[in-house]
Amino acid sequence: MSHTVLVCDDAIFMRTMISDILSQAGFEVVGEAETGREAVERYRQLKPDLVTMDIVMPDMGGIEAVREICREDPDAKILMCSAMGQQALVVEAVQAGAKDFVVKPFQPSRVLEAVQRILG
Amino acid sequence: MDLSRYAALFLTESRDHLGACNQLLLDWERDPRATEPVVGIFRAMHTFKGMAAAMGYANLTELAHRTENLLDLLRSDPGLANRELHDLLFQIVDALESGAGEAVAGNDAKLEFSGLIGKLDHASVATQPTGSWAIPARSAEPVVGVTGRAVSIAIRPDAPMRGARALLALRKAESLGTVAAVRPAPAAFEQDEFDGRFSFRLESEVPDEELRRLLATAGDVASVELSAETAAPAARGAEPAGDATGRTRQIRVDLRRLDALMNQVGELVVAKGRLAELVASHGSPDLQALSQRISRVVAEMQTEIIQARMTPVWQVFDRFPRVVRDLSRQLGKRVAFQVEGEEIELDRSVLDEIGEPLLHLLRNAVDHGIEAPAERKRRSKPAEAIIRLIASRERNVVAIRVQDDGQGIDREQILQRALKEGLVEPGTGVLSDDQLLRILSRPGFSTATTVTDVSGRGMGMDAVFSRIRTLGGSVHLATEAGVGSTFTLRIPSTLAILRALLARVGEERYAVPMMSVAETMEFNPMAATAVQGREALLLRDEVIPTVHLRERLGAQGKRAVGRRPTIILDVGGRRAALVVDALLGQQEIVVEAFDSPRGMLPVFSGATILGDGVPVLILDPAALV
């Protein structure tokens, strides 16, 4: 059975791109969220194997969402998607419980490597 | 076993661990549900308990033990801790810190912790999910030195966000065993300059090969080096970052020894200069060769000692987070305090001198700089203010910035006060940042509308300035209404010996620190221009006001006509052209302690004795630009 993924990003463009990369690699994108709050709610409903999380989103940012999700499920496997120059935020996200990160602009190979590491 | 031999070591290491507790408590408070801080404090407390027990300090051990038990309960759910509990833990850390000093002085038996232990018991009950009164008993464990492996990890240099990657590797390690002595401190990971190399000690059952493989799964790991390690842990900072292989051997040296050595080398530098002069005027070639050799050796010696005295700024910065926290709480303000560049090094004596000025600037930032949460909300700023303390290297000086995102300094209010006190010409318009700074640095000029016990009395802004100037440094201010203020201190990284340009005016010689000399040129009065009634010269399209040292010092004689040598001074971007009678060349000078006599012109920062035994005053460039 293929792994399920929840893709969280406020930009449709980014969501589409990540979904494409992951679907082509055989993952099943089961849901999308465009705010942190939505990400938390969708996680509760869907219990996906993997979450990709943008850092900056309206109505609860990605880091806050990571914190919230990990509080309910410490084993949640969350991959942060960050822009260049957001190292401090990525560090914060890792401290909050994110398991790995990729830096935009995405190279599909790097995204998949990170996903493999997380799902190991 | 004679324990007194270990007392000093116990004391320094305790401070390291308890200092770490303070930091972690702050982290915990900021993020009450995070487990890392609790786990970290638990570990530090455990180590401290072990050391105290080994020293035979029963009372200290008891308090640490009880605290550890409570932390053990909280590890599974840090969110159970409330504000009172955090406060209690802060108190305990303070008590242990002062208690450690007392114990070493032989007063462990007199330590009285029953009040704190009572509160601890109470808290433990409140925290026990079962509501049981029982506090889990723990037999005193034997103290073991840290055993395990030293692990050095390098993140691939081309990897994005090496710091975040390093943190992932560290978390991986934490999932495999107990991690200690992380160098550099994880706080450094967030710095863009972090090169991706770090090390730590790991106690874990996982075999070498497996460990290598697992750590590499953090991604972008270039190499993992392991080595067996059984030595007792070195105190924090005693080891240079990136070297946990145990090959660097360290000793602790009393600072006074280094001071004495530095003074002796200072003397040697002066004697060397004199010798070189004598040999140059009437020495044989043999003597000249010998003199040159001595010069080289002395120079190397000097470099070594200066290096030995260099100390990372965190040794002073470490106490600030706690100060800022306590103060902001007391004033009902919310502050995120961020520190950067903790690993930057300064001469120990310089470092000792800047603690107080920085403390003053930080207090000012909390008290006057940032607004109360309600006010911030009104201005649609985040309720939590940000105060940053940033150290960075700028050529041969170290810059330390205290930055707040508060309301900025009220130019109008300062202007009114300055007008009333006659500090500025009537009719002065909007004050520039420089003018503002000059007014604030006047002795006795305080802007605190009400005197609190925080600021408004005590070390004033003027004291900050004179302290920094004595160190040969400068202060710079940038402030914007509604956006915040930044004070920048620029300080030479080492004090005792500096390169100076010697200049002559009349019969007197003066030394100008090279760190403020941008270049030298010739001043041609015919080519001088005037800007706003002040004489100035043009240098590559830049207008630089002139300062005639002769007039400034009130020296005898008239301003010379004709071309004159001129020193272009640069202090943090502010420039002046210092016109002198003659330039005498560069020289190393040993700065002597200097008490400026009353009535003396405030343009000198110190004195030195030249090779020929004649004392010479050192000019303060910041007072001239």
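Miscellaneous remarks
- In order along segment A:34-47, phi translates into HN-Hα couplings of 10, 9, x, 4, 4, 4, 5, 5, 5, 4, 4, 5, 8, 6 Hz, rounded to whole numbers, per the Karplus curve 6.51 cos²θ - 1.76 cosθ + 1.60 with θ = phi - 60° and x for Gly and Pro.
- Counts of other chain beta carbons within 10 angstrom of each beta carbon in peptide B:153-166 average 4.
- Reachable lysines, given that their alpha-carbon falls under 25 Å from the alpha-carbon of residue A:104 and they are not under 8 places away in the same chain: A:77, B:172
- Overall Cα dimensions of segment A:60-120 - principal axes, largest extent first, Å: 31, 27, 16
- Debye equation applied to the C-alpha atoms of segment B:309-377, log10 I(q)/I(0) at 0.21, 0.27, 0.28, 0.29 Å⁻¹: -0.87, -1.18, -1.24, -1.29
- Translational D in µm²/s for segment B:147-227 (Stokes-Einstein at 10 °C, 1.306 mPa s, Kirkwood Rh from C-alpha pairs): 129
- Percent of alpha-carbon pairs separated by more than 50 Å within the protein assembly as shown: 27
- The DSSP beta bridges internal to the protein assembly as shown are antiparallel in roughly 75% of cases.
- Most simply put, segment B:313-492 has about 80% antiparallel DSSP beta bridges, counting only bridges with both residues inside it.
- Distance between the 7 Å Cα→Cβ label points at residue B:255 and residue B:121: 4.2 nm.
- Long-range tail of P(r) for segment B:3-123 (Cα pairs > 26 Å, %): 15
- Along principal axes, Cα extents of segment B:313-492, largest first, whole Å: 45, 36, 29
- Stretchable slack from residue B:297 to residue B:433, in nm (0.36 nm times residue separation minus alpha-carbon distance): 44.3 nm
- Each label was represented as a point 7 Å from its Cα along the Cα-to-Cβ direction; for residue A:59 and residue B:271 these points are 7.9 nm apart.
- The Kirkwood hydrodynamic radius of chain B, based on inverse pair distances between different Cα atoms, is 28.2 Å.
- Relative contact order for segment B:313-492: 24 percent, from Cα pairs under 8 Å spaced at least 6 residues apart, divided by residue count.
- Across segment B:197-202, coupling constants 3J(HN,Hα) worked out from phi with the 6.51/-1.76/1.60 Karplus curve, θ = phi - 60°, read 9, 8, 9, 6, 9, 10 Hz, and Gly and Pro carry x.
- Calculated FRET efficiency for the pair residue B:374/residue A:107, C-beta based, R₀ 45 Å, to 0.05: 0.45
- Here segment B:497-623 is assigned +1 on the Cβ of each Lys and Arg and -1 on the Cβ of each Asp and Glu. Its dipole about the Cα centre then comes out at about 360 debye.
- Karplus-derived HN-Hα couplings along segment A:85-92 (A = 6.51, B = -1.76, C = 1.60, θ = phi - 60°), whole Hz, x at Gly and Pro: x, 10, 3, 4, 5, 5, 4, 4
- Relative contact order computed over segment B:147-227 (Cα-Cα under 8 Å; 6+ residues apart), in percent: 50
- Between residue B:393 and residue B:284, residue separation times 0.36 nm minus the direct Cα-Cα distance comes to 34.8 nm.
- Taking segment B:497-623 and dividing mean pair separation by its residue count, relative contact order in percent (alpha carbons under 8 Å, at least six apart): 31
- Note on residue B:174 and residue B:336: their simple-model spin labels are 1.9 nm apart, each label 7 Å out from Cα toward Cβ.
- Counted residue by residue at 0.36 nm each, then reduced by the alpha carbon distance between them, the extension gain from residue B:529 to residue B:384 reaches 47.2 nm.
Every read-out reported here was derived from the displayed coordinates using simple, explicitly stated rules and does not represent laboratory data. If you're wondering where the values come from, they're calculated on a predicted model, not measured in any experiment. In this analysis, Cβ positions are derived from the backbone assuming ideal geometry, glycine residues included, and neighbour counts consider all displayed protein chains.
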